[in-house]
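J.: One structure coming up, written as structure tokens, with questions to follow.
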Amino acid sequence: SGESGAGKTESTKLLLQHIMHLCKGNSQLEQQILQVNPLLEAFGNAQTVMNDNSSRFGKYIQLRFQKNTVRGAKLSEYLLEKSRVVQQDTGERNFHIFYYMFAGLSSEEKEMYGLLDPSLYRYISGRFGTQDVAQRWKQKYQEVCNALDMVGFHEQEQVDMQSILAGVLSLGNVTFEPEERNGSVKVSEASRGWLKAAAVKVTGCMLCSCSPWSTSVSCYCLCADARDSIAKVAYGRVFGWIVCKINELLAENVDPEVELSEIGILDIFGFENFAVNRFEQLCINLANEQLQHFFNHHIFQMEQAAYKEEELPWETIIFNNNEAILNLLLAKPLGLLSLLDEQSAFPQATDKTFVDKLNSTFKGNLHFQPGRGRVLGFSIIHYAGKVQYTAGGFLEKNRDTLPANIRGLFINSITPLLSLLFKGKFICYKRTSHMKQGPLCQRPDSALSHWLLFSLCPPQHSLMMLMERMYSANPHFVRCIKPNSQKEPGVVDSQVVLLQLRYNGLLETIRIRRDGFSWRPSFEEFAER
């Protein structure tokens, strides 16, 4: 854990390499586990103002062992920031893979996928990069292609996948104008070519009810919101499919009755506080609040309880308990996320009615502040500091719906991969004490269904399942500290470091470890010694 840009993903890669070096077992499997990283980073990472290679999803890697030899591995992905596909703030970029494609594809391949100059595409803000950067992206694209081959993606699957990505970019350039006769909207004359390109690549059929050459194009409901929803859903499902294929490759091939031990590594996005913070930052910061509480529980509460049980002379150490913030966010029925779900269920509700509800519910709460000025929003005093959230888009992103007729177009697509991704059935998630009710789902027909689990669940349920997994394990904590805020190597800003040591509770952790007998043999070990 740690702030965005503190080095979590790089530490995870080093830890994996270290474990693989110690195992000396199935060399092919170990290499495969290490080589899936370029693939995950290309599709799941992006440049932000805080980090040039920021993970925009959380991943949990389970390594399964038999007699100190790795026999298999499994990846779980959480909360992919799909909104990045359609919008990036100043100084930020879309997911790496789009830039890698422009840099790495040959002229013939770009023509096959219908890709034009990158400056034309709205979803990448019309920005590309310098010649040096493009050369580096070209090398990265080759790494991605090698990883795709190694994981076992067939050539046609790779072609289909890149067709979908190209179609997503074309879709972003479709614009709309009012229909004079009935007050509805239609695709603008200037963007009909983009619509045709997107329709061929993304759905394999026109998204409109009449031909592109007619004088009036009446769209199913393809307004700007639906356009962006299609792009986000298509990208999210491609990403989940990649994770599913990786898991098929890395699955253990042992007798089901053989008991395997496990090491799990959680690499999840760090705490974020940007100039503009949206729904995605709230989800990310909620995850970090839960991990901080988990850390507090193990390091402070369980440690001190053990000291008292052993009847050690002990003066209780006070720590910064963030339970009140978690209650503000997660309590039922009046926590922030419960209120968001409630508002999302009302068709007439707006982001403003949601904020009004928050202001009345949390009036006087020390960890909540109403928004100020003209921007619709609110502030939360997190364990790591105050974050001001812009409420625009909260309800739409929480609903995360796709019109049923658009989904039907995907299912009937002539692009085999796209049709497959939208035919998958969902699997149930386990009902727990944290969850009132899970969705009623069907059993999966294939391994493809498994990755649909987290794209189906609301964000808080996905996080609950993750935390349940954490609490059932024996945890070790790797706290990553960001040395400076300028993304500069070899520079340590002591104030930036000290702030992180304080809000993470590391100063108290050092004290509790120093005073609490760091070597703790069992009685048997002591007597034997």
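The values are calculated or read from the model by the stated rules, or taken from the named source; none is laboratory data. Please read all numbers here as calculations on a predicted model, not as lab measurements. Note that each Cβ is placed from the backbone with ideal geometry, even for glycine, and that neighbours are counted across all protein chains shown. Side chains included, ligands, DNA and RNA excluded: accessible areas come from the protein's heavy atoms. Shrake-Rupley method; radii C 1.70, N 1.55, O 1.52, S 1.80 Å.
J.: Given H placed on each backbone N at 1.01 Å, which residues far from Val185 in sequence or on other chains put an amide H within less than 5 Å of it?
T.: Glu179
J.: While we're here: Name the long-range amide H neighbours of Arg71: under 5 Å, sequence gap of 5 or more, or other chain; modelled H, no Pro or chain starts.
T.: Those qualifying (amide H under 5 Å, at least 5 residues apart or on another chain) are Arg64, Phe65, Gln66.
J.: What lysines could a cross-link reach from Lys186, if we take a straight Cα to Cα line under 27 Å and drop same-chain neighbours fewer than 8 places away?
T.: Lys82, Lys196, Lys201, Lys232, Lys397
J.: As I understand it, the dipole of the chain uses +1 on the Cβ of Lys and Arg and -1 on the Cβ of Asp and Glu, about the Cα centre. Which of Asn37, Phe517, Ser379 lies farthest toward its positive end?
T.: Highest projection toward the positive end goes to Ser379.
J.: Which of Leu260, Val49, Ser344 sits farthest toward the positive end of the charge dipole of the chain, with +1 on the Cβ of Lys and Arg and -1 on the Cβ of Asp and Glu?
T.: My answer, from the dipole projection, is Ser344.
J.: Give the accessible surface of the chain per residue, rounded to a whole number of Å², with probe radius 1.4 Å and ligands, DNA and RNA excluded. Present the calculation step by step, with values, prior to reporting the outcome.
T.: Details: 26230 Å² over 529 residues.
Heavy-atom accessible area per residue stands at 50 Å².
J.: If you don't mind, another one. What full-extension length gain, to one decimal in nm, is calculated for Arg407 and Asp117 as 0.36 nm per residue of separation minus the Cα-Cα distance?
T.: 101.4 nm
J.: Placing +1 on the Cβ of each Lys and Arg and -1 on the Cβ of each Asp and Glu in the chain, which of Ile164, Asn359, His297 has its Cα farthest towards the positive end of the resulting dipole?
T.: Asn359
J.: Only loop residues by DSSP count here, and only those with at most 10 other Cβ atoms within 10 Å; note down the trypsin sites (Lys or Arg not before Pro) in the stretch 318-391 that meet that. Please report the intermediate quantities before stating the final value.
T.: On the way: sites: Lys352, Lys357, Lys363, Arg372, Arg374, Lys386; in loops: Lys363, Arg372, Arg374.
Those satisfying the criteria are Lys363, Arg372, Arg374.
J.: With θ taken as phi - 60° and the coefficients 6.51, -1.76 and 1.60, list the Karplus ³J(HN,Hα) couplings across the stretch 362-371 in order, rounded to whole Hz; mark glycine and proline as x.
T.: 3J(HN,Hα) across the stretch 362-371, in whole Hz: 9, 4, x, 6, 5, 9, 10, 9, x, x.
J.: Moving to a separate point now. Could you tell me how far the Cα centroid of the stretch 225-249 sits from the Cα centroid of the stretch 18-54, in Å?
T.: Here the answer is 20 Å between Cα centres.
J.: Roll a 1.4 angstrom probe over the protein heavy atoms and tell me the percent of accessible area of the chain that is carbon or sulfur. If you can, show how the numbers build up before the last one.
T.: On the way: 13730 of 26230 Å².
Reported share for carbon and sulfur atoms: 52 percent.
J.: Follow-up question, since we're still on this one. Quick query: amide H of Gly377 versus all other amide H atoms, modeled in the peptide plane; which residues come in under 5 Å with a sequence gap of 5 or more or a different chain?
T.: Here Gly371, Ala391 satisfy the definition.
J.: Let me ask something else about it. Rounding to the nearest 20 debye, state how big the charge dipole of the chain is about its Cα centre with +1 on each Lys and Arg Cβ and -1 on each Asp and Glu Cβ. Mind dumping the intermediate values first?
T.: Working: 55 positive and 56 negative charges, 205 e Å.
Computed charge dipole of the chain: roughly 980 debye.
J.: Please list, in order along the stretch 224-237, the HN-Hα scalar couplings obtained from phi with the Karplus expression 6.51 cos²θ - 1.76 cosθ + 1.60 (θ = phi - 60°), rounded to whole Hz, x for Gly and Pro.
T.: Working through the residues one at a time gives 4, 5, 5, 4, 5, 4, 4, 4, 5, 5, 4, 5, x, 6 Hz.
J.: Another question, then. With 19 Å as the limit, write out which pairs from Lys59/Lys386; Lys8/Lys59; Lys74/Lys245; Lys110/Lys138 have Cα-Cα distances beyond it, or answer none.
T.: In this structure, Lys59/Lys386 exceed 19 Å between Cα atoms.
J.: Please report, in debye to the nearest 20, how large the charge dipole of the stretch 286-417 is about its Cα centre when each Lys and Arg carries +1 at its beta carbon and each Asp and Glu carries -1 there.
T.: Working: 11 positive and 13 negative charges, 187 e Å.
Charge dipole, the stretch 286-417, about its Cα centre: 900 debye, nearest 20.
J.: Quick one: of the DSSP bridges fully inside the chain, what percent are antiparallel, nearest 5?
T.: 95
J.: Using the basic label-point model (7 angstrom from Cα toward the beta carbon), what is the Gln131 to Ala275 distance in nanometres?
T.: With each label point 7 Å from Cα toward Cβ, the separation is 3.1 nm.
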